[in-house]
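A.B. asks: Below is one structure. I have some questions about it.
The values are calculated or read from the model by the stated rules, or taken from the named source; none is laboratory data. No experiment lies behind these values; they were computed from the predicted model shown. Virtual Cβ from ideal backbone geometry, glycine too; neighbours counted across all protein chains shown. Keep in mind that these areas ignore ligands, DNA and RNA; they rest on the heavy atoms of the full protein, side chains included. Shrake-Rupley method; radii C 1.70, N 1.55, O 1.52, S 1.80 Å.
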Amino acid sequence: MNGKTVMTCIEAAHATLKEHTDEITVLDQQIGDGDHIFNLLRGVDALLAMRAEIEAAAFAPALDLAASKLLSTVGGSSGPLLYSLLHGMAKASADSVDAPSLVDAARVFAAGVDAVAQRGKAGIGSKTMMDVLIPVASRFAELADNNASPEAVLDALPQVAEASMLATRDMLATKGRASFLGERSRGHIDPGARSSQLMIGAICARLAQDRD
Ligand code: ADP
Ligand code: MG
């Protein structure tokens with residue numbers, strides 16, 4: 001894994017966010033202020049514009065370059081949270097090897113998710129992106145610990161992400177802008193959960209395809 005891997009993931013994220021722009025706009029209009037997808041796209045577009053720099057870097061520095069750029073471009077609640085995710089992953093993979101084990105990769109992802117939890121102070125059940133990130137990190141660790149194949153992991157994680165994203169529909173929002181709506185936040189999927197799930201699904205699909 002290196003800067004090229006990071007760029008491949010950014011491209012996959014970009015494609016799915018573009019494809020689902022209207023849908024995510026509606027989700028954030030229902031329980032937020034409608035800007036979530038535009039915040040994300042501003043950030044991801046800025047990352048695409050620094051392709052050469054990211055691709056030339058090793059894995060951890062590439063993640064850190066992307067993290068800093070997202071912090072300065074995304075804004076909203078999600079900008080600092082995405083920064084924490086990528087910066088937390090970079091810190092945990094500081095002396096990573098080119099081909100880390102799945103156990104290492106799961107540990108790096110979990111470190112990123114922990115950093116988001118520390119920043120946003122949201123756990124499971126608050127109706128945020130954490131409702132996708134935490135179950136995915138747990139399942140990733142569990143599969144890696146059980147010696148699952150990379151193919152099995154790349155197949156399983158999008159399914160966990162999707163079920164977790166759907167589960168936010170019935171939750172009461174207790175964090176972020178949606179919490180201002182109280183009971184009226186129920187019945188709508190959280191936009192950050194949806195965007196996170198889409199990015200995880202697209203990245204796994206792309207990495208699986210590249211292994212073929
Ligand atoms: P804002 O709400 O400031 O307009 P965005 O629209 O960019 O920010 O992002 C909204 C998303 O951020 C929500 O859908 C939710 O998933 C996520 N979010 C908000 N607050 C938190 C938090 N404390 N922890 C984790 N995620 C959060
Ligand atoms: Mg918003």
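A.B. asks: Can you name the number of the only condition in (1) open to solvent by 10 Å² or more (accessible area, probe 1.4 Å); (2) within 16 Å of ligand 2 (Cβ to nearest atom); (3) touching a helix residue (DSSP H, G or I) at 6+ places or on another chain (Cβ under 7 Å) that L154 fails?
C.D. replies: (2)
A.B. asks: Collect the residues in region 164-212 that are more than 11 Å from ligand 1 (Cβ to nearest atom), in a helix (DSSP H, G or I) and basic (K, R), keeping them in residue-number order.
C.D. replies: Of everything in region 164-212, those that are more than 11 Å from ligand 1 (Cβ to nearest atom), in a helix (DSSP H, G or I) and basic (K, R) turn out to be R169, R184, R206, R211.
A.B. asks: Need the failing condition index for R119 against (1) under 15 Å from the mean Cα position of the chain (by Cα); (2) under 22 Å from G32 (Cα atoms); (3) open to solvent by less than 40 Å² (accessible area, probe 1.4 Å), just the number.
C.D. replies: (3)
A.B. asks: Can you list the helices (runs of 4 or more DSSP H) lying wholly within region 1-106 that have 2 or more residues being within 22 Å of G176 (Cα to Cα)?
C.D. replies: In region 1-106, 21-31, 36-48, 59-73, 78-92 are the helices (runs of 4 or more DSSP H) which contain 2 or more residues that are within 22 Å of G176 (Cα to Cα).
A.B. asks: Give me the pairs: first residue in region 17-44 and within 7 Å of ligand 1 (Cβ to nearest atom), second residue of a type in the set (K, R), beta-carbon distance under 8 Å, and six or more apart or on different chains, which are they?
C.D. replies: The qualifying pairs are G32/R177; D33/R177.
A.B. asks: Could you please let me know if I54 is farther than 30 Å from L172 by Cβ, within 15 Å of the chain's Cα centre (by Cα) and either within 16 Å of ligand 1 (Cβ to nearest atom) or in contact (Cβ under 8 Å) with a residue 12 or more places away in the chain (or both)?
C.D. replies: In short, no.
A.B. asks: For T128, state whether it is open to solvent by less than 40 Å² (accessible area, probe 1.4 Å), more than 28 Å from F59 (Cβ to Cβ), under 18 Å from the mean Cα position of the chain (by Cα) and not basic (K, R).
C.D. replies: No.
A.B. asks: OK, next. If only one of A90, A57 is among the small types (G, A, S), over 25 Å from G34 (Cβ atoms), at pLDDT 95 or above and touching a strand residue (DSSP E or B) at 6+ places or on another chain (Cβ under 9 Å), which one is it?
C.D. replies: A57 is the lone residue from the list that is among the small types (G, A, S), over 25 Å from G34 (Cβ atoms), at pLDDT 95 or above and touching a strand residue (DSSP E or B) at 6+ places or on another chain (Cβ under 9 Å).
A.B. asks: Just one of the numbered conditions (1) surrounded by fewer than 22 Cβ atoms within 10 Å (Cβ to Cβ); (2) within 25 Å of A122 (Cβ to Cβ); (3) more than 16 Å from ligand 2 (Cβ to nearest atom) is not true of D95; which one?
C.D. replies: Here D95 meets the rest and fails (2).
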